[in-house]
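Colleague: Have a look at this one.
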Number of protein chains: 2
Amino acid sequence: MELVEGNKRVAIEGVSPEIDGGRFPAKRIIGDTVTIEADIFADGHDVISVYLLYRKENSTIWTETPMQFLVNDRCRGSFTVGELGSYLYTITAWVDQFKTWCQDLKKRVEAKQTDIEINLLIGAGIIREAAGCASGTDSIQLLKWADSLESEKTKQRDKVKLAMSNEVNKLMEKYADRSSAVTYLKELIISVDREKSRFSTWYEMFPRSCADKPRQHGTFKDCEARLPYISKMGFDVLYLPPIHPIGHTNRKGKNNTVNAENNDPGTPWAIGAREGGHKAINPQLGTLEDFRHLVVKAQEYGIEIAIDIAFQCSPDHPYIKEHPEWFLWRPDGTAQYAENPPKKYQDIYPLNFATENWQELWEELKSVVLFWAEQGVRIFRVDNPHTKPFRFWEWLITEVKKEYPEAIFLAEAFTRPKIMYQLAKLGFSQSYTYFTWRNNKSELTEYLTELTQTEVKDFFRPNFWVNTPDILHEYLQTGGRPAFMARLVLAATLNSSYGIYGPAFELMENVPREKGSEEYLNSEKYEVKHWNIGRKDNLKGFIARVNRIRHENRVLQSNRNLWFNATDNDNLICYSKHLEDLSSIILVIVNLDPHQKQSGWINVPVAAWGLDPERPCRAHDLLKDTIETWQGEWHQLELDPNTYPARIFRFTQDTVTSNAAKELNN
Amino acid sequence: MELVEGNKRVAIEGVSPEIDGGRFPAKRIIGDTVTIEADIFADGHDVISVYLLYRKENSTIWTETPMQFLVNDRCRGSFTVGELGSYLYTITAWVDQFKTWCQDLKKRVEAKQTDIEINLLIGAGIIREAAGCASGTDSIQLLKWADSLESEKTKQRDKVKLAMSNEVNKLMEKYADRSSAVTYLKELIISVDREKSRFSTWYEMFPRSCADKPRQHGTFKDCEARLPYISKMGFDVLYLPPIHPIGHTNRKGKNNTVNAENNDPGTPWAIGAREGGHKAINPQLGTLEDFRHLVVKAQEYGIEIAIDIAFQCSPDHPYIKEHPEWFLWRPDGTAQYAENPPKKYQDIYPLNFATENWQELWEELKSVVLFWAEQGVRIFRVDNPHTKPFRFWEWLITEVKKEYPEAIFLAEAFTRPKIMYQLAKLGFSQSYTYFTWRNNKSELTEYLTELTQTEVKDFFRPNFWVNTPDILHEYLQTGGRPAFMARLVLAATLNSSYGIYGPAFELMENVPREKGSEEYLNSEKYEVKHWNIGRKDNLKGFIARVNRIRHENRVLQSNRNLWFNATDNDNLICYSKHLEDLSSIILVIVNLDPHQKQSGWINVPVAAWGLDPERPCRAHDLLKDTIETWQGEWHQLELDPNTYPARIFRFTQDTVTSNAAKELNN
């Protein structure tokens, strides 16, 4: 073993965040304060100076900020990320001779030692050495201090005072001897996105079902007419299933039957026909011009259009003829369609990502995303990303974000947990989750704890969907209106991003194709629907209220400080979120039983939050808009599914014990 | 982002063991089966082939062994380490085209699809391609199989049978197309030590206190006379505090008084006098020849001599004159002695490890260890390693083990947890622990769980000391004989390595220097003692029995499968260890209250261990040598501190449910 740098005594380890040893970036939102922690220690008891270094990816200059020791050799520092893109950070630390001397002197003084003249001379020597590295007035100042510490004329008390003074310490920090500094081996990355990556409210809608009249094929113009309705409900992302020409060969009929009738429109995910492929518009929806108009019009309503990136082809896609080498061909000369034996999807040909000229294919697919970005789209919902190579997505997202750093990619990967996390790590901004299948209290608590209290929170941004065209959960099938309301409140308040597939959701569509199925009967995937959004029992008013609460309470716009509050009834789930300064506390209680009234005691950890347990709190019910006064840690409630299956309280107390509040968040 | 290797679809992460991202080796014992796990997955549902690669450090050839998938994309493989030194390991994995095709064919057959001729042709093509990479008979065989799959004469049923056959799969595995293989980025290290690194029983003894007669200075010859006594108790390491000449300047007197009397021998840790330093023998103990004789004699009793490596000097150490540059000098021309304000240790000068010619110093210190290795010593108890640079130890231990791979280093670092772990990571074979200060049930349970159930177990080998010359815990001061017995059983059965400082321990010496102190009154550190080991109440018989139990029950020779068993009385701690095949189960119950009888119910998870809960178990009390028959999961016991404050049962049942047993250990 080679003998080098014997003076490097500091160990730096356990850095957080650090995803997979630095292989992947941690994710943050523009304006966030990024907190970095590490275990930092050296042999012995010397004082260590620690600095956090950070820089924007394209800058060569590191900014330094000191890190502070917490307990058990844990160190913490932070910096603010003000721009989109990547920031690099690392840590440097050294055994600080002057600070060690100061600590030692302090101990001696506290132990009332008086024979410290020699120690003061040692300190003078250290300062004199620093002066050698300084220049100008700094150097002169340091030498003056060294003289004072050595002078027989100065009183010992004054020497100690001088050594301990802020000004001496500040200047000594400036000229600290860093020759023994150890810098962490890795430069780690923070990837900074815009706020909508974390806080977004999605509405999925099939444009073809937006026509005014039944049986008529909807257009982008019809979508525009629907914008006020969507906007009033408080959604800020309108996600459209694929808008491209739909294949005719092997087109699927109603309810996924193998042979379509003549007027069946086919599934939008069978992309490509004579009229074009992934860069074309289904003529029945309108023109590219119409689409661009919709994008602009939506912006006026505060809504962004998200499109679907589904990299697969119908048998009629122009790629088949232009690039047969991008597909798998079987020995009988036919193309390999999608299969999951015994299921067959003859209307869809997967692309062969491992084809010999995969570079050409990948470049073409990148150009698809860039094409829609040029039309004004910045949000992409990616269909089944887990069936395409990880490296492809990492490359594609990196490349697109170079040109459009504000781009957002949502991964629709309903697959094994490690694959879902992998996709998030390599660049997807948001991810579909298992939320739809987490319905009881223990399932929800366990899952949300994994998402918000473990390392997962640093790279995986969940988007909670209450339903999708593919998933109508049994809970919604059987729970009636209260189930729809409860699931909406859970999605909207447990998680900062959520979505509904409408108008099926707000119209409480709940009939499955067959018993035991999660598919909708007469699914919109295979036919044009006409939704009576004017129906009197439409949930739109309730949805609007919940979304307004999300917009008015910043604490619901992230998943920080999510607490599960104890209840004595397993049908009642209770949780809360609070801001660090306690300026906003939201407490939510949901009756998970859609059939019966449920009552029970819920725990409100007033003292742990940092509020005064001796004084009453104001509990503002934001759904009913009533105000109650609560006192103490336990509160009894009854939730009637037929009126309010959920309650959302904003909690306040006139003044807060701010020290306790600060501690709470350390 | 560069576009390279688009065909590499496999992700390998979460490799275990992997200490600090591979910066440090994991530790194992010669003959161990090393189990490696990792998360391995690709996009889609294709089958992945995974191989664990390993090699001895000085070999260039990797050995391959397949890894198997468990659940949730977790993969496991293992290899046996047969030699001392370092082994490297890594993982390679690829999407296996043939295995994927087989899985697909199996699904089709199970779904009773009959239109599979095309699929069989595809399979034939894959086999034909493999034939191109093979030669000789293998190639001919593969081509024959491909022909069969293509032949119209072969029945479909036979083709399927052929494709699924072991011989086809075996040969296809041999010629698997690895062009898309992904190899884990890191080569990780397993450091292999001899068995004593994990299983050792230590006895600490001051040679100077071994003389036959009171007030006489003991010698190595006297130590030899003590060997049968130590051996009979079952110890296999005899650790001697420093045996070097002791300084005279500022020598400490009895009970650490500042000024020694004329005949005070000084503390052995004030190393160095006119007679020599770290390579010399204190003439009062004998000669180097005598020491070597002791080492050999001890071996005859199955005992290894461990010496103390304390890198510090008395003011009289030859280094001071020969190498003044290795010490810190104060402005008044005096050397800097050891201090921890307000405490002063004027009899000890620390070495300045960061001295300008540190290389020379470090080399000299290495030569000290090598010198004693040449005298036959292979075990080194290192004094206060946490006050010397981490890099120094990493280098020193690596260098010494190059020549003496069987060397064992025990770190006497009573300091902050992360520093203790760091020293273990960088090479110390064993470590002192906080065991002495963990006395109640929750403290012991929490600490042992950290040591044995977390990543710590892969790099930190605890050595539990019941007492040391510096630590006489209050529990022993006040608990009498039962306390000594209880702590001995805890140390000896909770952990595979433990030690006692004798004869103070077996003679139950329990008087502190003052109330509230953990120091011994009239500590042996500052004076020659005479121990009456012939005393009738000597614990030697009990110690011998406990150590025999350790030797006769392999399950106590490692910390695998340590379980804490529930009890309904906090004064009773109950735990067990079992071998994977259940051939040995040891259950220990200790009454932690040295003053009162304690009784309670203890849980014996018979079914969870894989035994038949319907059948009785044989509980052999190894301390009392009585046999009881236990049935069921709960058992009531009473422990009387005045007879047996602890019970050690060996648990057996005639036959075991071996499947359940296997599952238990997965």
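Colleague: Could you grab me the full set of residues in segment B:73-115 that are facing chain A (nearest Cβ under 10 Å), assigned to a loop (DSSP other than H, G, I, E, B) and open to solvent by less than 60 Å² (accessible area, probe 1.4 Å)?
Modeller: B:73, B:111, B:113
Colleague: For a quick check of your reading: which strands (runs of 3 or more DSSP E) sit entirely within segment B:542-599 and have at least 3 residues that are loosely packed, with under 15 Cβ neighbours inside 10 Å and under 23 Å from the mean Cα position of the chain (by Cα)?
Modeller: none
Colleague: Right, something else. Could you tell me whether any residue of segment B:373-385 is in a helix (DSSP H, G or I) and buried (at least 20 other Cβ atoms within 10 Å of the Cβ)?
Modeller: Yes, the conditions are met somewhere in segment B:373-385.
Colleague: If you check residue B:530 against the conditions, is it part of a loop (DSSP other than H, G, I, E, B) and at pLDDT 95 or above?
Modeller: The answer is yes for residue B:530.
Colleague: Can you find, within segment B:393-408, the residue that is nearest to residue B:202 (Cα to Cα) among those that are part of a helix (DSSP H, G or I) and open to solvent by 10 Å² or more (accessible area, probe 1.4 Å)?
Modeller: Of everything passing the filter in segment B:393-408, B:401 is nearest to residue B:202 (Cα to Cα).
Colleague: Can you find a residue that is outside any loop (DSSP other than H, G, I, E, B), touching a Cys at 6+ places or on another chain (Cβ under 9 Å) and either surrounded by fewer than 20 Cβ atoms within 10 Å (Cβ to Cβ) or not hydrophobic (A, V, I, L, M, F, W, C) (or both) anywhere in segment A:603-613?
Modeller: Yes, there is a match, as at least one residue in segment A:603-613 is outside any loop (DSSP other than H, G, I, E, B), touching a Cys at 6+ places or on another chain (Cβ under 9 Å) and either surrounded by fewer than 20 Cβ atoms within 10 Å (Cβ to Cβ) or not hydrophobic (A, V, I, L, M, F, W, C) (or both).
Colleague: Suppose we keep only residues that are part of a loop (DSSP other than H, G, I, E, B) and open to solvent by 70 Å² or more (accessible area, probe 1.4 Å) within segment B:116-154. Which one would you say is farthest from residue A:339 (Cα to Cα)?
Modeller: B:135
Colleague: Would you call residue A:171 open to solvent by less than 60 Å² (accessible area, probe 1.4 Å), within 14 Å of another protein chain (Cβ to nearest Cβ) and not hydroxyl-bearing (Ser, Thr, Tyr)?
Modeller: Working: open to solvent by less than 60 Å² (accessible area, probe 1.4 Å): yes; within 14 Å of another protein chain (Cβ to nearest Cβ): no; not hydroxyl-bearing (Ser, Thr, Tyr): yes.
So residue A:171 fails the test.
Colleague: Polar (S, T, N, Q) and in a helix (DSSP H, G or I), is that true of residue B:284?
Modeller: So residue B:284 fails the test.
Colleague: Please specify each residue of segment B:31-46 satisfying the condition of being within 8 Å of chain A (Cβ to nearest Cβ) and not in a loop (DSSP other than H, G, I, E, B).
Modeller: B:39, B:41
Colleague: Identify all residues within segment A:419-463 that are assigned to a helix (DSSP H, G or I) and of a type in the set (Phe, Trp, Tyr); write none if there are none.
Modeller: Scanning segment A:419-463 gives A:421, A:435, A:437, A:447.
Colleague: Is segment A:47-65 home to any residue that is within 14 Å of chain B (Cβ to nearest Cβ), open to solvent by less than 60 Å² (accessible area, probe 1.4 Å) and part of a strand (DSSP E or B)?
Modeller: yes
Colleague: Can you tell me which residues in segment B:497-517 are open to solvent by less than 60 Å² (accessible area, probe 1.4 Å) and in a loop (DSSP other than H, G, I, E, B)?
Modeller: B:502, B:503, B:504, B:505, B:506, B:507, B:508, B:509, B:510, B:517 - these are the residues of segment B:497-517 that are open to solvent by less than 60 Å² (accessible area, probe 1.4 Å) and in a loop (DSSP other than H, G, I, E, B).
Colleague: For segment B:233-257, enumerate the residues that are in a loop (DSSP other than H, G, I, E, B) and of a type in the set (Phe, Trp, Tyr). Steps first, please.
Modeller: Filtering segment B:233-257 for residues in a loop (DSSP other than H, G, I, E, B) gives B:233-236, B:241-245, B:247-253, B:257.
The answer is B:235, and nothing else.
Colleague: A follow-up question, please. Those residues that are open to solvent by 30 Å² or more (accessible area, probe 1.4 Å) and within 9 Å of another protein chain (Cβ to nearest Cβ), I need them from segment A:359-372; list them, please.
Modeller: Within segment A:359-372, A:359, A:363 meet the criteria.
Colleague: Could you tell me which numbered condition residue B:415 fails, if it satisfies all but one of (1) buried (at least 23 other Cβ atoms within 10 Å of the Cβ); (2) within 13 Å of chain A (Cβ to nearest Cβ); (3) outside any helix (DSSP H, G or I)?
Modeller: The number of the failed condition is (1).
Colleague: Now for a different question. Which count do you get for residues in segment B:11-30 that are touching a strand residue (DSSP E or B) at 6+ places or on another chain (Cβ under 7 Å) and more than 9 Å from every other protein chain (Cβ to nearest Cβ)? Spell out how you get there, then give the answer.
Modeller: So the first thing to find is which residues in segment B:11-30 are touching a strand residue (DSSP E or B) at 6+ places or on another chain (Cβ under 7 Å), and the list is B:11-20, B:22, B:25-30.
Within this subset, residues satisfying the condition of being more than 9 Å from every other protein chain (Cβ to nearest Cβ) are B:12, B:15-17, B:19, B:25-30.
Number of matching residues: 11.
Colleague: Out of A:325, A:300, report the one residue that is under 23 Å from residue B:97 (Cβ atoms), more than 10 Å from chain B (Cβ to nearest Cβ) and either acidic (Asp, Glu) or surrounded by fewer than 21 Cβ atoms within 10 Å (Cβ to Cβ) (or both).
Modeller: So the residue among A:325, A:300 that is under 23 Å from residue B:97 (Cβ atoms), more than 10 Å from chain B (Cβ to nearest Cβ) and either acidic (Asp, Glu) or surrounded by fewer than 21 Cβ atoms within 10 Å (Cβ to Cβ) (or both) is A:325.
Colleague: Show the residue pairs that are 6+ apart or on different chains and have beta-carbon atoms under 8 Å apart, the first residue being within segment B:373-399 and on the phi < 0 side of the Ramachandran plot, the second being at pLDDT below 95 and open to solvent by less than 10 Å² (accessible area, probe 1.4 Å).
Modeller: B:389/A:6; B:391/A:6; B:392/A:6
Colleague: For segment A:385-412, what are the residues that are at the interface with chain B (Cβ under 9 Å from one of its Cβ atoms), under 18 Å from the mean Cα position of the chain (by Cα) and among the charged types (D, E, K, R)?
Modeller: Of everything in segment A:385-412, just one residue is at the interface with chain B (Cβ under 9 Å from one of its Cβ atoms), under 18 Å from the mean Cα position of the chain (by Cα) and among the charged types (D, E, K, R), namely A:394.
Colleague: In segment B:194-202, is there at least one residue being of a type in the set (Lys, Arg), open to solvent by 10 Å² or more (accessible area, probe 1.4 Å) and more than 30 Å from residue B:398 (Cβ to Cβ)?
Modeller: Among the residues of segment B:194-202, not one is of a type in the set (Lys, Arg), open to solvent by 10 Å² or more (accessible area, probe 1.4 Å) and more than 30 Å from residue B:398 (Cβ to Cβ), which makes the answer no.
Colleague: How about segment B:303-370: which strands (runs of 3 or more DSSP E) wholly inside it have at least 2 residues that are β-branched (Val, Ile, Thr) and within 26 Å of residue B:408 (Cβ to Cβ)?
Modeller: Once the strands (runs of 3 or more DSSP E) in segment B:303-370 are filtered for at least 2 residues that are β-branched (Val, Ile, Thr) and within 26 Å of residue B:408 (Cβ to Cβ), what remains is B:304-309.
Colleague: State all residues of segment B:221-277 that are under 30 Å from residue B:544 (Cα atoms), among the small types (Gly, Ala, Ser) and in contact (Cβ under 8 Å) with a residue 60 or more places away in the chain; if no residue qualifies, say none.
Modeller: Within segment B:221-277, B:231, B:234 qualify.
The values are calculated or read from the model by the stated rules, or taken from the named source; none is laboratory data. Since the model is a prediction, treat every value here as computed from it, not as a measurement. A quick note on method: Cβ atoms are made from the backbone with ideal geometry, for glycine too, and the neighbour counts reach across all protein chains shown. The area values use the complete protein model at the heavy-atom level, side chains included, leaving out ligands, DNA and RNA. Shrake-Rupley method; radii C 1.70, N 1.55, O 1.52, S 1.80 Å.
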